Amino acid sequence: MSVLAIETSCDETAAAVLEGFGGVLAHEIFSQAQIHSEFGGVVPEVASRNHLEFLPRIVNRTLDSAGVGFDRIEAVAATTGPGLAAALLVGAAAAKGLALGAGCPFLAINHIEGHLLSPFFGEADIPPHIALVVSGGHTLLFDVRAFGKYHLLGRTRDDAAGEAFDKVAKMLGLGYPGGAEIDRLARSGDPARFDFPRGMLDSGDSGFSFSGLKTAVRVFLEKGFPDADLPDICASFQLAVVDVLVAKTFRAAKACGRKIVSMSGGVSANACLRAKAAEKAGKSGTALRFAPDGLRTDNALMIAYAAAHHLAAGHRHPVTADIAPNFDPAALCI
C-alpha cells in the first residue's frame, strides 16, 4: 500500500507516491521560481493561483507515473503548515477531498517535520541526532530522540539564513532566488577578503540572528565596489553565515551527547556549508547526514516519508484539521 502526498506550502507545486518508507513510485514538482523572479520574491496570491491551476495535472501525472489507482492508496497526506496560508489551503483542500473520495485516511503533515526527517529517507527508524533545518523561511536546531520526539534547541530571532542569502543577493543585483547564485560566485572568491560579523556566534545558546550581518553587508555595499570584488563579497558573506550554522550545530551535538548531525532544507545544498560541516564532523567523530538530491528544497516526497511514519505509528487526522501558516513549536515538539 502507498501514500499519496501533496506539497504546496510556498511556490512549489508537488505530489509524490511512496510505497513503504523508501519505495518511490512517482515524484513530480512544478517550480514557480521563474514566475516569481519577476517580482524579486514570492507573491502569495500568484503562488496560490498557480497551485490551483497546476495541482490537478501534477497529481494526475504522479498517479499515472506511479501506475496505481486509489485502491492502492492507503492514505492521502498534505502539508498543512507552516507556509503561505493561501498556498497551504490549495494543497490541504485537495488532499482532504481526495481522501474523502477514496475513503482513506487523511494525514496533516508539518512542513518542518518533512525537512527534519528527510536526511533519513528510506529508513524505518529515526536515530537520536541533532538536526539543523535551514531554509528560506526557517533556521531551526532540534535535538531529536526518535520519530515524533523533537526538542527545539534554538531558532533564528529575525531573518532565516536562506532569507539573508536572498536579500543579500538582491542587494548585489543577482535576482531571485539568489542563494544558489551566491554559492556559485563564492566558489571563485576569497572568503577571508572581507570581515563580516558572525551574529550570536558566542551567545552561549542555540539561537541565531542574521539581520545584523545583512545590515553590515548593506552598509558595506553603499560605499560602492568594483565588479571584480563580487566573488569575494559573496564568499565572505557566505562564510559568515556558515561559520555560525556549523559552530552552533556541532556545539549542540556535543552538549546533548549526540554522535549524528543532520542538515536539511534548501540551504543545506550550499557547497560551503556542506564542506565546513563535513570538516567539523570528521574532526569531532560525528556522523553527518544530508537530505538526498531532490529532497532539499520543498518537495512532496519528504511529506510522503513523514506521512509513512505517522501511518506506521497509527496516526490519523480529521479532515476538519486546519492549516497552520505560522511555525508553532508546541505543535511539533515534545
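The values are calculated or read from the model by the stated rules, or taken from the named source; none is laboratory data. Note that this is a predicted model, so its numbers are computed, not measured. So basically every Cβ, Gly included, is an ideal-geometry build from the backbone, and we count neighbours across all protein chains shown.
Key figures for this structure:
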{"quantity": "All positions within region 7-26 that are assigned to a loop (DSSP other than H, G, I, E, B) and either touching a Ser or Thr at 6+ places or on another chain (Cβ under 9 Å) or not hydrophobic (A, V, I, L, M, F, W, C) (or both)", "calculated": "Thr8, Ser9, Asp11, Gly20, Gly22"}
{"quantity": "Number of positions in region 62-81 that are under 29 Å from His138 (Cβ atoms) and in a helix (DSSP H, G or I)", "calculated": "1"}
{"quantity": "Residue list for region 36-46, filter: β-branched (Val, Ile, Thr) and either crowded, with 19+ Cβ neighbours inside 10 Å or outside any helix (DSSP H, G or I) (or both)", "calculated": "Val42, Val43"}
{"quantity": "Condition broken by Ile29, with the remaining ones in (1) assigned to a strand (DSSP E or B); (2) more than 26 Å from Gly136 (Cα to Cα); (3) among the β-branched types (Val, Ile, Thr) satisfied", "calculated": "(2)"}
{"quantity": "Selection within region 170-182 - within 16 Å of Val217 (Cα to Cα), in contact (Cβ under 8 Å) with a residue 24 or more places away in the chain and not β-branched (Val, Ile, Thr)", "calculated": "Lys170, Met171, Leu172, Gly179"}
{"quantity": "Test: residue in region 161-183 that is surrounded by 13 or more Cβ atoms within 10 Å (Cβ to Cβ) and in contact with a strand residue (DSSP E or B) (Cβ under 6 Å, 6 or more places away or on another chain)", "calculated": "yes"}
{"quantity": "Test: Ser118 is touching a helix residue (DSSP H, G or I) at 6+ places or on another chain (Cβ under 9 Å), of a type in the set (S, T, N, Q), modelled with pLDDT under 95 and farther than 18 Å from Ala321 by Cβ", "calculated": "no"}
{"quantity": "Filter pass, Val242 being β-branched (Val, Ile, Thr) and more than 23 Å from Glu279 (Cα to Cα)", "calculated": "no"}
{"quantity": "Pair list, Cβ < 8 Å and 6+ apart or interchain, from region 50-69 residues that are of a type outside the set (Val, Ile, Thr) to residues that are in a loop (DSSP other than H, G, I, E, B) and surrounded by 15 or more Cβ atoms within 10 Å (Cβ to Cβ)", "calculated": "Asn50/Asp11; Asn50/Gln32; His51/Thr8; Leu55/Thr8"}
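Results for (1) in contact with a strand residue (DSSP E or B) (Cβ under 8 Å, 6 or more places away or on another chain); (2) under 15 Å from Ile323 (Cα atoms); (3) surrounded by 14 or more Cβ atoms within 10 Å (Cβ to Cβ), shown as yes or no for each residue.
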position: Phe21; (1), (2), (3): no, no, yes
position: Glu28; (1), (2), (3): yes, no, yes
position: Gln34; (1), (2), (3): no, no, no
position: Ser48; (1), (2), (3): no, yes, yes
position: Phe54; (1), (2), (3): yes, no, yes
position: Arg61; (1), (2), (3): yes, no, yes
position: Asp71; (1), (2), (3): no, no, no
position: Val76; (1), (2), (3): yes, no, yes
position: Gly81; (1), (2), (3): yes, yes, yes
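Matching residues to (1) closer than 23 Å to Glu113 by Cα; (2) in contact (Cβ under 8 Å) with a residue 60 or more places away in the chain:
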{"position": "Ser203", "(1), (2)": "no, no"}
{"position": "Val217", "(1), (2)": "no, no"}
{"position": "Pro226", "(1), (2)": "no, no"}
{"position": "Cys234", "(1), (2)": "no, yes"}
{"position": "Gly257", "(1), (2)": "yes, no"}
{"position": "Glu279", "(1), (2)": "no, no"}
{"position": "Gly285", "(1), (2)": "no, no"}
{"position": "Leu288", "(1), (2)": "yes, no"}
{"position": "Asn299", "(1), (2)": "yes, yes"}
